[in-house]
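Some notes on the structure that comes next.
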Amino acid sequence: MVIVVPFRAGGKTRLPAELRVDVALAMLGDVVEAAVAAGDVRVVTDDPAGRLVATELGAEPVDDPGEGQGAAVAAGLAAADGVCVVVNADVPRVRSSDVGALAVTARLGAVAIVEARDGTTNALGLPYPEVFRPLYGPRSAAQFRAHAAALGLPSEDLELRNLVDDVDTLADLERVGPRAGRRTRALLGALSR
């Protein structure tokens, strides 16, 4: 199984400028660590530090084509075969069991969707990579559901709490931090000193 994690270091623009890079890299590390326990991970990024995190944790760095999240995911899915999972890099609570739940749903022939609180998409499970279309943005979860239906595939909304809770703001970080992976928790601990 291929697991794709798109990563842009400067993408967390609603976090304080002095924290953005460190928080983004800590969350990426937590996501990659959970994902490598579940399958072959490809981190799609143009960021040297993100590439280093990926390599150190046993993931394959893939060059980001620089045309947004959809293009990044498509690059990560290139040459993949069979069940694929896509997990955003800003869900530091993710566990390997969450990645496994996405894969199980996809193995049953359905598109698994984890919708964020704002209607965007935090994770996908795909029965095969060709199912993917770059539909990210506002209301993307609904768009992925409609796309699956257009292909004649069922979609399944998975209420995986660890994946629903993404981090866009400092308030989000404080809310999920105590239950985040060890890198994000360590960063929060250092900030509180």
Can you tell me how much longer the chain between Ala149 and Leu19 gets when fully stretched, taken as 0.36 nm per residue apart minus their C-alpha distance, in nm with one decimal? 42.8 nm
Express in whole angstrom the spacing between the alpha-carbon centres of the range 140-193 and the range 65-115. 13
Helix 20-36: inclination vs the chain longest Cα principal axis, degrees, rounded to 10, gives 50
Using the Karplus curve 6.51 cos²θ - 1.76 cosθ + 1.60 with θ = phi - 60°, what ³J(HN,Hα) values do you get for each residue of the range 43-56, in whole Hz, with x for Gly and Pro? 9, 9, 7, 10, 8, x, 5, x, 4, 5, 4, 4, 4, 4
Dipole size in debye (nearest 20) for the chain around its Cα centre, Lys and Arg Cβ +1, Asp and Glu Cβ -1? 460
Cα long-axis angle, helix 96-107 against the chain (0 to 90 degrees, to the nearest 10): 10
Diffing the range 72-80: the Karplus 3J(HN,Hα) column from phi (6.51, -1.76, 1.60, θ = phi - 60°), in whole Hz with x for Gly and Pro, holds 5, 4, 4, 5, x, 7, 4, 6, 6
Provide the per-residue ³J(HN,Hα) series for the range 137-154, in order, calculated from phi with Karplus coefficients 6.51, -1.76, 1.60 and θ = phi - 60°, each as a whole number of Hz, with x at glycine and proline positions. x, x, 6, 5, 4, 5, 5, 5, 4, 5, 5, 4, 4, 5, 7, x, 9, x
For Val44, what residues show an amide H to amide H distance below 5 Å, using hydrogens built from the backbone and excluding near sequence neighbours? Val5, Phe7, Val62
List the residues whose amide H sits under 5 Å from the amide H of Val111, counting only those 5 or more places along or on another chain, with H placed 1.01 Å from N in the peptide plane. Ser155, Glu156
Rounded to the nearest 10 degrees, the helix 182-191 long axis (Cα) sits at an angle to the longest Cα principal axis of the chain of 30
Under 5 Å from the placed amide H of Thr121, counting only residues 5+ away or on other chains, we find Ala116, Gly137, Ser140, Ala141
R0 of 35 Å, Cβ-Cβ distance Leu108-Leu52: FRET efficiency to nearest 0.05: 0.45
Match the structure shown to one of the listed values (i) 26.2; (ii) 12.9; (iii) 9.6 of mean projected area of the Cα convex hull in nm², computed from it, and give that label. (iii)
How large is the charge dipole for the range 16-82, taken about the Cα centre, if only the Cβ atoms of Lys, Arg (+1) and Asp, Glu (-1) carry charge, to the nearest 20 debye? 60
Selected from Ala24, Ala72, Thr45, residue furthest toward positive end of dipole (the chain; charges at beta carbon): Ala24
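Any read-out appearing in this document is the output of simple, stated calculations on the displayed coordinates, not a laboratory observation. Just so it is clear, the structure is predicted and the values come from calculations on it, not from any experiment. FYI the Cβ positions are ideal-geometry reconstructions off the backbone, even for glycines, and counts take in every protein chain you see.
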